[in-house]
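Step one of this worksheet: look at the structure below.
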Amino acid sequence: MSVNLYKRNFLTLKDFTEEEILYLLSLAKDLKNKKKHGIFEKNLANKNIALIFEKNSTRTRCAFVVACNDEGAFPEFLSKADIHLGGKEDSKDTARVLGRMFDGIEFRGYSQKTVETLAQYSGVPVWNGLTDEDHPTQVLADFLTIQENFGKLKGINLTYIGDGRNNMSNALMIGSAKCGLNYKVISPKELFPDNALIEECSKWAKESGASITVSDDMADVAGSDVLYTDVWVSMGEEAKKAERYALLTPYRVNTAAMKAAKPGAVFMHCLPAVKGDEVTEEVFESLASVVFDEAENRMHTIKAVMVATLSRNNYV
Ligand code: CP
Ligand code: NVA
């Protein structure tokens, strides 16, 4: 069976099969290797790429810009302060205008609905660079990092500790269910993942051989290959800071948690990290920490998404 992602949107991993996700990872690995050897194929020569950011970003923005530069495309950064989106103009109109000028659009912001509207009306591939609900490009980088460390995805015990209902936890659950990782969320009951999402993911988990478990007990880190965490307060939720600290202080990834996981377990974090909150400085700086490999892999995997969806030649 062949994989063809030409002209596809990348809004959530829900829309992708295991085979398509594995294809994106192998394309990213290939592009990473080529860059290391100074080979630049300019797969996106003369493409114009719009980068819309309603929320802040270091990694995602830089990954898109560097990936564009490597492949010969022209990125244009459009912050919320620069364009009319969500102000004078609705997303449907902005989509139709940008689609007449650009070959692809990245969107980072609040509502999943906005990225869906951009995809529906622009007529060009749209990529989700994070919404309140999802963060699919991050999961590609995380899975490439897991492959690099363990040589596989299937059967990996991936444990996420922290806010079990944020975009990162959702995205990791979806990706794990699609690709056969055993996904466990350890969080206080108040922050357990949405039941509807667990139900939706369960059908993919059944096909891929994955399992989905939810617990409020830190002792359940036992058997984990990966301990993953994220900030306690996501962008846009600043008003919930005090409530989150009260709930999440017992759910910090510390050396005791790493020791209770499998020998050889790695620590992962999408970054930015608030050291001392969700993870101790000791774990963050330890040899088990692969957080900067994940950050680098953002660029290689985002490049793969753009090349696969914009370049006719890149499918097998
Ligand atoms: N991990 C991630 O998305 O980082 P940025 O917010 O810096 O883009
Ligand atoms: N959950 C975090 C992820 C940042 C990459 C946030 O939305 O702020």
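Observations on the structure shown:
- Selection status of PHE74, closer than 27 Å to LYS7 by Cβ, of a type outside the set (D, E, K, R) and crowded, with 18+ Cβ neighbours inside 10 Å: no
- Which numbered condition ALA257 misses (of (1) in contact with a helix residue (DSSP H, G or I) (Cβ under 7 Å, 6 or more places away or on another chain); (2) of a type outside the set (Phe, Trp, Tyr); (3) touching a residue at least 40 places away in the same chain (Cβ under 8 Å); (4) within 16 Å of ligand 1 (Cβ to nearest atom)): (4)
- Filter result for ASP70 (acidic (Asp, Glu) and at pLDDT below 95): no
- Complete set of residues in the stretch 84-130 that are at pLDDT 95 or above, within 24 Å of MET235 (Cα to Cα), aliphatic (A, V, I, L, M) and out of contact with any Leu (no Cβ under 7 Å at 6 or more places or on another chain): LEU118, LEU130
- Residue match in the stretch 17-27 (condition: buried (at least 21 other Cβ atoms within 10 Å of the Cβ), within 20 Å of SER122 (Cα to Cα) and within 23 Å of the chain's Cα centre (by Cα)): no
- Taking the conditions (1) part of a helix (DSSP H, G or I); (2) at pLDDT below 95 in turn, LYS29 satisfies each one other than (2).
- Look at the stretch 73-85: where a residue is touching a residue at least 24 places away in the same chain (Cβ under 8 Å) and over 16 Å from ASN56 (Cβ atoms) and a partner is in a loop (DSSP other than H, G, I, E, B) and of a type in the set (Gly, Ala, Ser), sitting 6+ places away or on another chain with Cβ atoms under 8 Å, you get ALA73/ALA45.
- Test: residue in the stretch 92-113 that is within 16 Å of ligand 2 (Cβ to nearest atom), of a type outside the set (Ser, Thr, Tyr), part of a helix (DSSP H, G or I) and buried (at least 22 other Cβ atoms within 10 Å of the Cβ): no
- Looking at ILE174, ILE156, ILE146, just one residue is of a type outside the set (Gly, Ala, Ser), within 16 Å of ligand 2 (Cβ to nearest atom) and either touching a Gly at 6+ places or on another chain (Cβ under 6 Å) or touching a residue at least 60 places away in the same chain (Cβ under 8 Å) (or both), and that residue is ILE174.
- Any hit, the stretch 109-127, residues being charged (D, E, K, R), more than 13 Å from LEU310 (Cβ to Cβ) and in contact with an Asp or Glu (Cβ under 7 Å, 6 or more places away or on another chain): no
- Applying the criterion of being of a type outside the set (Phe, Trp, Tyr) and either out of contact with any helix residue (DSSP H, G or I) (no Cβ under 8 Å at 6 or more places or on another chain) or assigned to a loop (DSSP other than H, G, I, E, B) (or both) to the residues of the stretch 286-295, the residue that is nearest to ligand 1 (Cβ to nearest atom) is VAL290.
- Residue that is nearest to ligand 1 (Cβ to nearest atom), among those in the stretch 260-271 that are part of a strand (DSSP E or B) and crowded, with 24+ Cβ neighbours inside 10 Å: HIS269
- Checking each residue in the stretch 214-228 for being surrounded by fewer than 22 Cβ atoms within 10 Å (Cβ to Cβ) and under 20 Å from the mean Cα position of the chain (by Cα) picks out only ASP225.
- You will find that of VAL291, VAL231, VAL274, the residue that is surrounded by fewer than 16 Cβ atoms within 10 Å (Cβ to Cβ), within 15 Å of ligand 2 (Cβ to nearest atom) and touching a residue at least 24 places away in the same chain (Cβ under 8 Å) is VAL274 and no other.
The values are calculated or read from the model by the stated rules, or taken from the named source; none is laboratory data. Given the structure is predicted, the values throughout are model-derived calculations rather than measurements. Note that we place each Cβ from the backbone using ideal geometry, even for glycine, and neighbour counts take in every protein chain shown.
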